[in-house]
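One structure is given below, encoded as structure tokens.
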Amino acid sequence: MNDSNHALALQSALEHHQAGRLAQAEEIYRQILQVDPDHPDALHLLGMLAHQIGQNEIAAKLINRAIQANPQHPFFHSTLGAVYQALNRLEDAVVSYRTAITLKPDYAEAHNNLGSTLKNQGKLDEAITNCQQALIFNPDFAEAHYNLGAIFGARENLGEAIACYRQAIALKPDFADAHYNLGTILRLQDHLDEAAASFQKALAIKPAYIEAYNNLGAILNEQEKSEEAEICFRNAIGHNPNFAEAYNNLGIALTHQEKSDEAVTCYQRALAIKPDYAEAYSNLGNTLRELGKLDEAIACCQKALALKPGYAEAYNNLGNALKDQEKLDEAAICYRKAIEFSPDYAEAHNNLGATLNDQEKPEEAVGYYQKAIALNPNFNEAHGNLGNAFCATGKMNEAIACYRTSIKIKPGKAHSNLIFALDMAAGFDTPTLQQERKNWGEIHAVPLTAKQFPHANTPAPDRRLRIGYVSADFRRHSATTAFGAMLVKFDRDLFEVFAYSNSPKEDDYTQLFQQNVTAWRKIVGLSDDAVAEMVREDGIDILVDLSGHTAGNRLLVFARKPAPVQVTAWGCPSGTGMPAMDALFADPVVIPPEEKQFYTEQVRYLPNLVGFFSPETFPAVGALPTLSAKTITFGSFNRLNKISKESFDLWTRVLAAIPDSRLILKSREFDNPVTKERISRHFVDAGIASERVVILGKTPWHEHMNAFNLVDITLDPFPQGGGVTALEGLIMGVPIVALRWPTFGGRASASILTTLGLTDWIAETQEQYLGIAIQKAQDLEALANLRQDLRNRFTASPIGNAALYVKAVESAYRQLWQEWCKRHSNSSSMTAIP
């Protein structure tokens with residue numbers, strides 16, 4: 001084959017090569033080399049072909065042979081540099097590119113590639129110089145603009161990086177990698193919509209661009225468009241089933257959709273592909289925590305930290321799991337570690353604040369919430385939690401302002417907290433309080449009416465009914481005092497009871513309820529849709545909410561109307577504000593007939609507001625303390641956030657009116673010395689000697705009950721009354737002075753006293769309250785007689801007779817059911833009770 005034939009053959013091979021017909025090109029290159037083994041162009045081009053198909057070791061040998069045949073060809077050296085770059089032999093690549101530039105100083109491609117290699121070596125200043133040199137020789141060199149953008153990005157000069165990528169795209173609009181990298185930088189600057197647009201352009205050019213799918217999905221996750229994000233991640237996985245990062249991110253999207261079980265499967269798949277994937281372990285731990293699998297969650301977070309010791313997010317997630325286990329000291333250590341490794345980690349500051357709040361250190365918690373907000377002013381959860389801390393210290397107006405800010409940023413849990421705080425603040429009447437509940441219903445519940453379905457329940461008025469109870473408090477909790485009998489004392493011939501537990505915390509009370517109900521369902525971590533479907537499949541006839549707007553409620557399950565009849569009662573039965581809740585159980589004291597009109601639900605009266613449930617054996621009632629102490633002792637064992645400044649001021653007047661009297665305050669919040677000192681100072685500043693106010697902290701239950709034997713009369717707080725604390729005091733023989741407040745929350749104690757026939761202990765004004773306290777404290781004989789009679793009176797009443805109370809409630813259930821059956825024959829089963 002002569003030189004002319006070589007040239008023709010080489011031209012033919014090049015045409016095949018450029019057209020992508022690599023096999024034909026390779027065959028011709030080899031034919032040339034059979035004739036002329038040292039043909040430099042054939043060696044070089046065959047080496048380039050090997051490089052294209054990933055055979056870089058072979059490529060290096062071929063191109064080195066070409067250079068041996070023609071060492072003065074700059075293009076050969078530049079190509080060899082690219083091969084060495086692919087082999088990660090960066091020093092060799094640098095030598096090759098520099099040789100190419102020595103041979104051809106205006107060789108823009110070699111300058112550009114040298115810049116790219118120097119970037120990979122971390123020599124960013126030299127890299128910038130070489131890319132800029134490439135652009136001097138070729139200002140329209142898109143790849144050089146692109147590489148310069150990558151170098152600026154590595155130096156965190158994001159503005160310059162964006163300008164370079166935009167210039168690369170202007171010169172080469174179909175440059176998919178430039179669109180992708182531009183999106184990456186825009187995302188770092190929180191320009192999420194622009195970043196998403198860049199990733200979408202990259203995908204339009206390169207439909208199988210899995211990294212672009214993954215990053216676009218991550219943005220959609222951040223924008224709370226988790227269903228769209230899910231599509232992106234599934235597309236990425238479709239193109240590469242071994243894409244561990246996409247499985248991890250898909251797990252995050254599914255977690256946002258409350259599809260926790262599916263999310264767990266995704267994280268496990270990511271770990272099967274990439275066993276050292278710390279982020280997937282951390283995320284798996286977080287999701288397992290949401291499912292209530294706390295030990296497994298902790299193990300996953302610890303594994304993440306073993307793989308990545310300074311991983312702040314894993315410390316944060318570990319803290320969350322430990323917090324759920326009530327290991328608050330250990331949780332606080334984890335959050336502090338997260339902050340140590342990532343000082344600007346707003347979530348860790350927020351979570352440490354929440355832990356301090358749970359440790360009865362709300363004053364200290366405030367600082368961490370404020371730091372979280374300073375780091376992220378739109379952190380709605382931190383605003384809400386700051387409200388919780390203010391609420392815990394009795395600063396209700398400040399708490400309400402925080403909740404409103406949180407809601408403005410993003411309607412969510414803070415709205416229920418706002419409702420709770422308004423109930424505890426002075427100055428709001430029933431129409432105002434119920435209107436806020438209706439506002440909540442319009443925002444959160446009414447939009448879910450499309451998820452209501454006709455009910456298949458058999459409309460037989462007298463058949464055995466299935467009652468479902470939904471609560472986050474099937475454990476030792478004040479709420480169980482009011483509803484516990486419904487799960488233990490029900491008529492098994494007429495009713496089946498299903499318990500839907502949303503609490504990750506379980507104890508001996510939990511076991512008691514599990515043993516007595518017909519069926520137990522744990523719904524921690526399940527989506528509202530999933531729980532609603534479970535209720536439908538269980539064939540529940542009457543679904544009862546036991547939480548109201550308190551923590552852990554599942555009111556949005558009720559918004560989907562999974563049962564024909566839905567009731568709210570006992571846990572916090574002051575109205576939900578949503579049309580899907582049919583009835584609210586109350587009595588004429590807490591909701592007078594003239595106020596029924598303000599409630600979304602139909603108010604159904606029971607003979608009395610609550611029954612009393614406790615499997616515990618109460619201590620014996622002691623003698624009236626004043627007979628031995630020679631001084632009257634008042635007391636309040638209520639949570640501190642129930643005791644308003646107005647309550648403290650009135651109690652100060654009571655102590656001032658009875659000079660020898662004293663006051664015992666007892667609550668877990670007083671374990672905090674700062675809180676204890678603040679409350680003590682209030683009385684001292686009002687002229688009450690410090691020794692007359694005894695402040696006690698948390699003790700075991702039996703000791704807590706025994707402490708009532710130190711008290712002659714308890715003083716009910718306002719505007720939120722005592723409730724369970726009032727019940728416990730009464731069963732321990734201690735009567736209570738109560739102010740009938742003009743809203744539901746301030747009437748519970750008045751309701752209890754009315755049922756017990758103790759209406760002479762109910763005041764209508766603060767002046768009457770003061771007068772009753774003085775008058776009752778002076779009649780020691782009557783007080784001593786009442787003390788010895790009060791437990792018998794309590795246990796004989798409808799409050800203390802659990803079987804009698806449950807029977808009354810079951811009669812109300814039957815009435816509601818019969819009304820539904822009657823309507824069912826004429827109208828849709830989804831029609832609300834009128």
Scattering from the C-alpha atoms of the stretch 502-609 alone, worked out with Debye: what is log10 I(q)/I(0) at q = 0.15 1/Å?
-0.69
Protection proxy ranking of 392-398, 426-432, 49-55, 800-806 - average other beta-carbon atoms within 10 Å, highest first:
392-398, 800-806, 49-55, 426-432
Quick check on the stretch 417-470: take the gyration tensor over C-alpha atoms, sort the square-rooted eigenvalues as a ≥ b ≥ c, and tell me if it's rounded (a/c under 1.5), prolate or oblate.
prolate
Between the stretch 693-718 and the stretch 380-448, what's the alpha-carbon centroid distance in Å?
30
Specify whether the C-alpha gyration tensor of the stretch 210-306 places it in the rounded, prolate or oblate class, a ≥ b ≥ c being the square roots of the eigenvalues: rounded for a/c under 1.5, otherwise prolate if a/b is larger than b/c and oblate if not.
oblate
For the chain, what is the accessible area per residue in Å² when the probe is 1.4 Å?
41
Expressed as a percent, the accessible surface of the stretch 440-566 that is carbon or sulfur, using a 1.4 Å probe and the full set of protein chains, is 49
Please determine, in degrees from 0 to 90 and to the nearest 10, the orientation of helix 294-307 with respect to the longest principal axis defined by the Cα atoms of the chain, where the helix direction is its Cα long axis.
30
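Throw me the Rg/Rh for the stretch 356-501, computed over C-alpha atoms with Kirkwood Rh, two decimals. Walk me through the numbers on the way to the answer.
Values: Rg = 19.9 Å, Rh = 18.4 Å.
Radius of gyration relative to Kirkwood radius: 1.08.
Given a Förster radius of 56 Å and the C-beta distance between residue 240 and residue 815 as r, what FRET efficiency does 1/(1 + (r/R0)^6) yield to the nearest 0.05?
Working from the Cβ atoms, E equals 0.40.
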At 7 Å along Cα-to-Cβ for each site, give me the label-to-label distance between residue 272 and residue 172 in nm.
3.9
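If you take the alpha carbon radius of gyration of the chain and divide it by 2.2 N^0.38 Å, what ratio comes out, to two decimals?
On the way: Rg = 36.5 Å, N = 834, 2.2 N^0.38 = 28.3 Å.
For the chain, the normalised Cα radius of gyration is 1.29.
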At a 1.4 Å probe radius, carbon and sulfur cover how many percent of the accessible area of the stretch 614-690?
52
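In debye, nearest 20: dipole of the chain around its Cα centre with unit charges on the Cβ of K, R (+) and D, E (-)? List each step's numbers first, then the result.
Values: 77 positive and 97 negative charges, 338 e Å.
That gives a dipole near 1620 debye.
Pull out a ≥ b ≥ c, the square roots of the eigenvalues of the alpha-carbon gyration tensor of the stretch 447-516, then state rounded if a/c is under 1.5, prolate if not and a/b is larger than b/c, and oblate in the remaining case.
Details: a/c = 2.82, a/b = 1.35, b/c = 2.08.
Here the stretch 447-516 falls in the oblate category.
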Compactness check, the stretch 38-147: C-alpha Rg relative to the 2.2 N^0.38 Å globular estimate gives 1.02
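Mind ranking 174-183, 452-461, 379-388 by how tightly packed they are, going by the mean number of other C-beta atoms within 10 angstrom, highest first?
Values: 174-183: 22.4, 452-461: 14.2, 379-388: 25.1.
In decreasing order of mean packing, 174-183, 452-461, 379-388 become 379-388, 174-183, 452-461.
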How big is the shadow of the Cα convex hull of the stretch 1-72, averaged over all directions, in nm²?
4.4
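Starting from the exponent 0.38 and prefactor 2.2 Å, build the expected Rg for the stretch 123-165 from its residue count and divide its actual Cα Rg by it.
Cα Rg divided by the expected 2.2 N^0.38 Å: 1.02.
At a temperature of 4 °C and a viscosity of 1.567 mPa s, determine how fast the stretch 716-807 diffuses translationally according to Stokes-Einstein, using the Kirkwood radius over alpha-carbon pairs as Rh; express D in µm²/s, rounded to the nearest whole number.
Numbers: Rh = 13.4 Å.
Approximately 97 µm²/s, per Stokes-Einstein.
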Give me the angle, in degrees from 0 to 90, between the Cα long axis of helix 396-409 and the longest principal axis of the Cα atoms of the chain, rounded to the nearest 10.
30
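Could you work out what % of the accessible surface of the stretch 718-815 is carbon and sulfur, using a 1.4 angstrom probe and leaving DNA, RNA and ligands out of the count? Provide the component values of the computation, followed by the final result.
Values: 1770 of 3410 Å².
Result for the stretch 718-815: 52 percent of the exposed heavy-atom area is carbon or sulfur.
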The stretch 407-565 - Rg (one decimal) and Dmax (whole number), Cα, Å:
16.6, 50
Compute the semi-axes of the equivalent ellipsoid of the stretch 735-779, taking the square root of 5 times each eigenvalue of the Cα gyration tensor, and list them largest first in whole Å.
17, 13, 6
For the stretch 165-243, the Rg and Dmax computed from alpha carbons only, in angstrom
12.0, 35
For residue 496, the residues 5 or more places away or on another chain with a placed amide H closer than 5 Å to its own amide H are 465, 466, 467
Got a sec? Charge dipole of the chain, +1 on Cβ for Lys and Arg, -1 for Asp and Glu; which of 472, 746, 446 is way out at the positive end?
746
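Considering only Cα-Cα distances, which of the following residue pairs are longer than 22 Å: 438/807; 522/642; 395/666; 293/323; 337/408; 259/451?
On the way: 438/807 32 Å; 522/642 31 Å; 395/666 19 Å; 293/323 13 Å; 337/408 32 Å; 259/451 17 Å.
Over 22 Å Cα-Cα: 438/807; 522/642; 337/408.
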Nearest 10 degrees is fine. How inclined is helix 90-103 to the longest principal axis of the chain, computing both from alpha carbons?
40
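First obtain the Kirkwood hydrodynamic radius of the stretch 626-716 from its Cα pairs, then insert it into the Stokes-Einstein equation at 4 °C and 1.567 mPa s, and state the resulting D in µm² per second as a whole number.
On the way: Rh = 13.3 Å.
The estimated diffusion coefficient comes to 97 µm²/s.
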State the answer as a single residue: which of 667, 146, 81 lies farthest towards the positive end of the charge dipole of the chain, with beta carbon charges of +1 for Lys and Arg and -1 for Asp and Glu, about the Cα centre.
667
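How large is the helix-only mean residue ellipticity at 222 nm for the chain, computed as the sum of -39500 (n - 2.57) over DSSP H runs with n ≥ 4, divided by its residue count, in deg cm²/dmol to the nearest 500? Let's see the in-between values first.
On the way: 39 runs with 491 residues, N = 834.
Calculated at 222 nm, the ellipticity per residue is -18500 deg cm²/dmol.
The values are calculated or read from the model by the stated rules, or taken from the named source; none is laboratory data. This is a predicted model, so every value here is computed, not measured. Because the Cβ atoms are built from the backbone with ideal geometry, glycine has one as well, and the counts that use them run over all protein chains shown. Note: areas computed on protein heavy atoms with side chains; ligands, DNA, RNA excluded. Shrake-Rupley method; radii C 1.70, N 1.55, O 1.52, S 1.80 Å.
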